[in-house]
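Shown next, in structure tokens, is the structure this report addresses.
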């Protein structure tokens, strides 16, 4: 039986109008937090200490994280794709259109494609940032963000 692997997966950060970039290179360590049918917290209700059902609480937020390895190129550029420029909405991405009118937020689109079958997960409302790390094996940006809104899968 075939299985999805990081070799068959791409991660794209995209603004409201479709401008963006594919994230990488990296180890293929994308992580997306908990989802459920209602995209909401389930609050357990008790009647005098006895389980009495659930009520639906606040919408869930999904934590999103991925490690991006830095290539030997400028960290910022006016015309070329740079992850940090997208995250900071600067240079090439200074005119990008946010999915939110107040803060810089964007979509994260995960595509699984083996050449025959394609599946996607679209996180519609992500905001986040990155942490720079130095290492002998190569420098990285550790991205972490939060998604709001139901994840759309195909």
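The values are calculated or read from the model by the stated rules, or taken from the named source; none is laboratory data. Note that this is a predicted model, so its numbers are computed, not measured. All Cβ positions, even for glycine, are placed from backbone atoms using ideal geometry, and neighbour counts span all protein chains on display.
Here are the numbers for the structure shown:
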| quantity | calculated |
| --- | --- |
| Of all residues in region 62-83 being out of contact with any helix residue (DSSP H, G or I) (no Cβ under 9 Å at 6 or more places or on another chain) and not in a loop (DSSP other than H, G, I, E, B), the one that is surrounded by the most Cβ atoms within 10 Å (Cβ to Cβ) | 66 |
| Filter result (in contact (Cβ under 8 Å) with a residue 60 or more places away in the chain and part of a loop (DSSP other than H, G, I, E, B)) within region 8-25 | 15, 16, 17, 19 |
| Subset of region 106-131 [more than 17 Å from residue 33 (Cα to Cα) and without any contact (Cβ under 8 Å) to a residue 40 or more places away in the chain] | 115, 116, 117, 118, 131 |
| Residue in region 102-113 that is exposed (fewer than 14 other Cβ atoms within 10 Å of the Cβ) and either at pLDDT below 95 or out of contact with any strand residue (DSSP E or B) (no Cβ under 7 Å at 6 or more places or on another chain) (or both) present | yes |
| Residue, farthest from residue 7 (Cα to Cα), within region 115-131, restricted to residues that are loosely packed, with under 14 Cβ neighbours inside 10 Å and touching a helix residue (DSSP H, G or I) at 6+ places or on another chain (Cβ under 9 Å) | 129 |
| Members of region 47-61 that are outside any strand (DSSP E or B) and more than 28 Å from residue 109 (Cβ to Cβ) | 48, 49 |
| Candidate set: region 106-141, residues that are over 18 Å from the mean Cα position of the chain (by Cα) and assigned to a strand (DSSP E or B); chosen: the one nearest to residue 72 (Cα to Cα) | 133 |
| Meets criteria (surrounded by 11 or more Cβ atoms within 10 Å (Cβ to Cβ), within 28 Å of residue 105 (Cα to Cα), without any contact (Cβ under 8 Å) to a residue 40 or more places away in the chain and in contact with a strand residue (DSSP E or B) (Cβ under 6 Å, 6 or more places away or on another chain)) for residue 41 | yes |
